[in-house]
Amino acid sequence: MSEVLIWAGFAAGACLIVGTAMSILGALVVPRRVRSLVTAVIDGLLDGVFLLALRGVDAFERRDRILGWQAPLTLVVRLTAWMGMLVVGFALIMLPATGGDLGAALEDAGSSVFTLGFAVPHGGGGQLAAYLAGFSGMAVIGLQIGYLPTVYASFNRRETEVSLLVARAGTPAWGPEILLRTHWGTGSSPSGPVLGELFVRWERWTAEVAESHATYTTLLRLRSPRTNSHWLTSLIAVMDAAALHLALAPDSDPKITARLMLRMGFETLNDMARAAKLPVPDLAQAADTTPISITFEEFAQAAATLRSVGYPVTETDEDAWPHFRGWRVNYDRAALALCRELDAPPSMWTGPRRWPSQPTPPRRPNPGRTRTQK
């Protein structure tokens, strides 16, 4: 190998190592979203592979089981790619020490990065590169070991509230179902305090999701253990419940907590859509006349269901519809884009998926026997 090629390889190796280090630090250390070409390429390739693998799989339960592997595999493939890039980068840097022998350089770099120690480079430059390679390999493994518990701790905190919502919203979750079950469950007692407590908890939950999922975007694709349960459809259901309550019963509590939850929710959904590189309009561009994915007939049907259980609806469908649409327009595009991209369960009012599907209404348990029944 000529001297020019050796030093050109050295320069390319240095650039590759710096780029890899920036990708690692951005993904594992920097507490904010950092765009990385490596992460974007791996995510795109794996998403394409899973789309091909899921062709012809019609049953959602089977599709959900397969998609459950996508996010964990992304973590493994990304770590493998980082380690491979470090080996190649340090091999190119070691070319001058090996006299242009690429095979020997790869052997020295691999031994150093993986701290195996079977190859010992000679010469001051080669030994320095080997020390740096060994440190880099240990640092990446150490950071990844610390990263995984952080990610799964955030996942567990997220899923706690999602699991608790099952009794209130059914599976898959749906906004009107939350209001219906809450009102029916409280009986003669007012449902406002119960809904207010729910909206307060989900406002805080949404803030935690906004912070963790924007920083660790792998969390977006980590799926819930329950087949028809999903963090995204659960959040949309709670937001729709708040919007329905404010539109149909504006004089009933909760008022402030519902508004705060909605505000936190649509800010989070739009931020998550941008983190996933999905095209969403700016909130300032949303107008009351902008169409939404829910039709007036679907809204009226939900309102009729709430009236049938005695929910304190004070507005007509025609008067309430502009207010509901005014809330929903703030998160409609982002919600539908995320549901499609993340292949969320096909719940009602969440739009189409990347595969043929029909919206599934929430499952309701069979009514149990009361104490007076014999």
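In region 140-164, which residues have a backbone nitrogen under 18 Å from the label point lying 7 Å from Thr80's Cα in the Cα-to-Cβ direction? What the label zone holds, given the 18 Å backbone N cut-off, is 141, 144-145.
Under 12 Å from the Cβ of Trp205, count the other residues' Cβ atoms, weight Lys and Arg +1, Asp and Glu -1, and hand me the total. With Lys, Arg at +1 and Asp, Glu at -1, the neighbours total -1. Only one residue of Ala173, Thr217, Gln144 has its Cα farthest out toward the positive end of the dipole of region 143-247, where Lys and Arg carry +1 and Asp and Glu -1 on Cβ, and that residue is Gln144. Under 11 Å from the Cβ of Arg221, count the other residues' Cβ atoms, weight Lys and Arg +1, Asp and Glu -1, and hand me the total. In short, -3. At each listed q (0.06, 0.11, 0.14 Å⁻¹), what is the log10 of I(q)/I(0) that the Debye formula gives for the chain modelled as equal alpha-carbon point scatterers? With no solvent term, the Cα-only Debye profile gives -0.32, -0.81, -1.12.
Based on Cα atoms of region 1-114, Rg over Rh with Rh as the Kirkwood radius reads 1.14. Only DSSP H runs of four or more residues enter the estimate; each adds -39500 (n - 2.57), and after division by the residues of the chain the mean residue ellipticity at 222 nm equals -22000 deg cm²/dmol.
Just flag the chymotrypsin sites (Phe, Trp or Tyr not before Pro) in region 71-156 sitting in loop per DSSP whose Cβ has no more than 13 other Cβ atoms within 10 Å. Here the sparse-neighbourhood loop sites are Phe118. Which one of Ser36, Ser191, Ser308 has the biggest mean-square fluctuation once the chain is modelled by GNM with Cα springs under 10 Å? Among Ser36, Ser191, Ser308, the largest GNM mean-square fluctuation belongs to Ser308. When +1 charges are put on Lys and Arg Cβ atoms and -1 charges on Asp and Glu Cβ atoms, the dipole computed for region 223-275 relative to its Cα centre reaches about 220 debye. The value of relative contact order for region 26-98, using C-alpha pairs under 8 Å at least six residues apart, is 26 percent.
FYI, it's all coordinate maths here, none of it is from the lab. Fair warning: this is a prediction, and the values are worked out from it, not measured in the lab. Heads up, the Cβs are rebuilt from the backbone with ideal geometry, glycines too, and the neighbour counts pull from every protein chain shown.
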